[in-house]
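Structure in structure tokens, see below.
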Amino acid sequence: MADFHGTTILAVRHKGACAVAGDGQVTLGDTVVKHSAKKVRRLYKDRVVVGFAGATADALNLFDRFEAKLEQYNGNLTRAAVELGKDWRTDRYLRKLEAMMIAVDQESMYLISGTGDVIEPDEGVIGIGSGGAYAKAAALALVRSTDMGAPEIVRTAMAIAADICIYTNHSVTIQEL
């Protein structure tokens with residue numbers, strides 16, 4: 001899977017709740033051009049939360065296509081994710097998009113990539129983007145060792161990632177389910 005600079009997205013399912021966070025930093029090369037981008041959004045009647053890492057135009061295109069899949073399959077996240085993954089892998093235009101997505105609803109959580117991957121994590125934690133591994137490691141440690149809920153875990157883990165990764169900032173958007 002590709003590593004995208006300029007973004008950290010983290011999803012955590014813990015204690016019956018789910019939270020998805022994204023930092024707000026946008027970079028061009030080694031220059032920060034925006035501090036407060038919204039990379040996490042609600043789709044399909046606010047029942048699905050999606051976060052993206054990668055090229056902004058590509059991610060917005062994927063948001064639109066994924067929302068169409070959710071509509072087509074009446075909000076069935078698993079079916080929409082698998083169908084988007086198949087399209088992404090086989091369509092000549094989509095294959096060139098440089099982005100990754102995390103999508104969650106009340107029951108499911110997936111990482112969706114351009115290679116056709118639709119991956120559900122074992123422990124209810126997914127991190128993508130340049131600071132994704134840092135955020136995921138912090139979140140796993142918090143899930144295993146504290147009584148914090150999902151929103152507090154993503155907030156704390158994202159702060160840790162922002163302290164480590166130069167492509168991640170402290171301007172964080174969090175969506176909860």
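Is there any pair linking a residue in the stretch 119-138 that is part of a strand (DSSP E or B) to one that is aromatic (Phe, Trp, Tyr), with Cβ under 7 Å and at least six apart or on different chains, and which?
Here the result reads 119/110; 129/4, each pair linking the stretch 119-138 to a residue that is aromatic (Phe, Trp, Tyr).
Against the condition farther than 30 Å from residue 144 by Cα and not hydroxyl-bearing (Ser, Thr, Tyr), how does residue 62 come out, does it pass? Spell out the reasoning first.
On the way: farther than 30 Å from residue 144 by Cα: yes; not hydroxyl-bearing (Ser, Thr, Tyr): yes.
Criteria met by residue 62.
Tell me the residue from 7, 31, 78 that is among the hydroxyl-bearing types (Ser, Thr, Tyr) and in contact (Cβ under 8 Å) with a residue 60 or more places away in the chain, please. So that I can check it myself, show each step before the final result.
Values: 31 fails: in contact (Cβ under 8 Å) with a residue 60 or more places away in the chain; 78 fails: in contact (Cβ under 8 Å) with a residue 60 or more places away in the chain.
Testing whether each residue is among the hydroxyl-bearing types (Ser, Thr, Tyr) and in contact (Cβ under 8 Å) with a residue 60 or more places away in the chain leaves just 7.
I want to confirm something. Restricting to the stretch 81-107 and keeping residues that are part of a helix (DSSP H, G or I) and in contact with a strand residue (DSSP E or B) (Cβ under 8 Å, 6 or more places away or on another chain), which single residue is surrounded by the fewest Cβ atoms within 10 Å (Cβ to Cβ)? Walk me through it before giving the result.
Quick first cut of the stretch 81-107, residues part of a helix (DSSP H, G or I) only: 81-90, 94-96.
Subsequent filtering for residues that are in contact with a strand residue (DSSP E or B) (Cβ under 8 Å, 6 or more places away or on another chain) retains 81-82, 84-85, 88.
On the way: 81: 28, 82: 17, 84: 23, 85: 22, 88: 24.
For the stretch 81-107, the residue satisfying everything is 82.
Applying the selection to the stretch 75-118, what residues are out of contact with any Phe, Trp or Tyr (no Cβ under 6 Å at 6 or more places or on another chain) and hydrophobic (A, V, I, L, M, F, W, C)?
77, 82, 88, 97, 100, 102, 104, 109, 111, 112
Here's a check for you: in the stretch 85-118, which residue that is free of Cβ contacts under 8 Å to residues at least 60 places away in the same chain and in contact with a Ser or Thr (Cβ under 7 Å, 6 or more places away or on another chain) is farthest from residue 12 (Cα to Cα)?
Filtering the stretch 85-118 for residues that are free of Cβ contacts under 8 Å to residues at least 60 places away in the same chain and in contact with a Ser or Thr (Cβ under 7 Å, 6 or more places away or on another chain), the one farthest from residue 12 (Cα to Cα) comes out as 89.
Then there is this: Determine which member of the set 111, 97, 77 is at pLDDT 95 or above, more than 15 Å from residue 43 (Cα to Cα) and not acidic (Asp, Glu). Spell out the reasoning first.
On the way: 97 fails: at pLDDT 95 or above; 77 fails: more than 15 Å from residue 43 (Cα to Cα).
When all the criteria are applied, what remains is 111.
Okay, residues lined up against (1) of a type in the set (A, V, I, L, M, F, W, C); (2) free of Cβ contacts under 8 Å to residues at least 60 places away in the same chain; (3) assigned to a helix (DSSP H, G or I):
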residue: 27; (1), (2), (3): no, no, no
residue: 38; (1), (2), (3): no, no, no
residue: 42; (1), (2), (3): no, no, no
residue: 49; (1), (2), (3): yes, no, no
residue: 61; (1), (2), (3): no, yes, yes
residue: 64; (1), (2), (3): no, yes, yes
residue: 68; (1), (2), (3): yes, yes, yes
residue: 71; (1), (2), (3): no, yes, yes
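Another question, if that's okay. Those residues that are of a type in the set (A, V, I, L, M) and modelled with pLDDT of 95 or more, I need them from the stretch 1-16; list them, please. First the steps, then the outcome.
Keep residues of the stretch 1-16 that are of a type in the set (A, V, I, L, M), which gives 1-2, 9-12.
Residues satisfying the conditions are 9, 10, 11, 12.
Residue by residue, here is whether (1) among the aliphatic types (A, V, I, L, M); (2) in contact with a Gly (Cβ under 8 Å, 6 or more places away or on another chain) holds:
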position: 84; (1), (2): yes, no
position: 105; (1), (2): no, yes
position: 112; (1), (2): yes, yes
position: 119; (1), (2): yes, no
position: 141; (1), (2): yes, no
position: 161; (1), (2): yes, yes
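Give the stretch 138-149 a look and list any residue that's more than 15 Å from the chain's Cα centre (by Cα) and of a type in the set (Gly, Ala, Ser), or say none.
The initial filter retains those residues of the stretch 138-149 that are more than 15 Å from the chain's Cα centre (by Cα), namely 138, 140-149.
Selection gives 138, 141, 145, 149.
Here's a check for you: in the stretch 161-177, which residue that is modelled with pLDDT of 95 or more, over 15 Å from residue 34 (Cβ atoms) and surrounded by fewer than 19 Cβ atoms within 10 Å (Cβ to Cβ) is nearest to the chain's Cα centre (by Cα)?
It comes out as 174.
The values are calculated or read from the model by the stated rules, or taken from the named source; none is laboratory data. Note that the structure is a prediction, hence the values are computed from the model and not measured. So basically every Cβ, Gly included, is an ideal-geometry build from the backbone, and we count neighbours across all protein chains shown.
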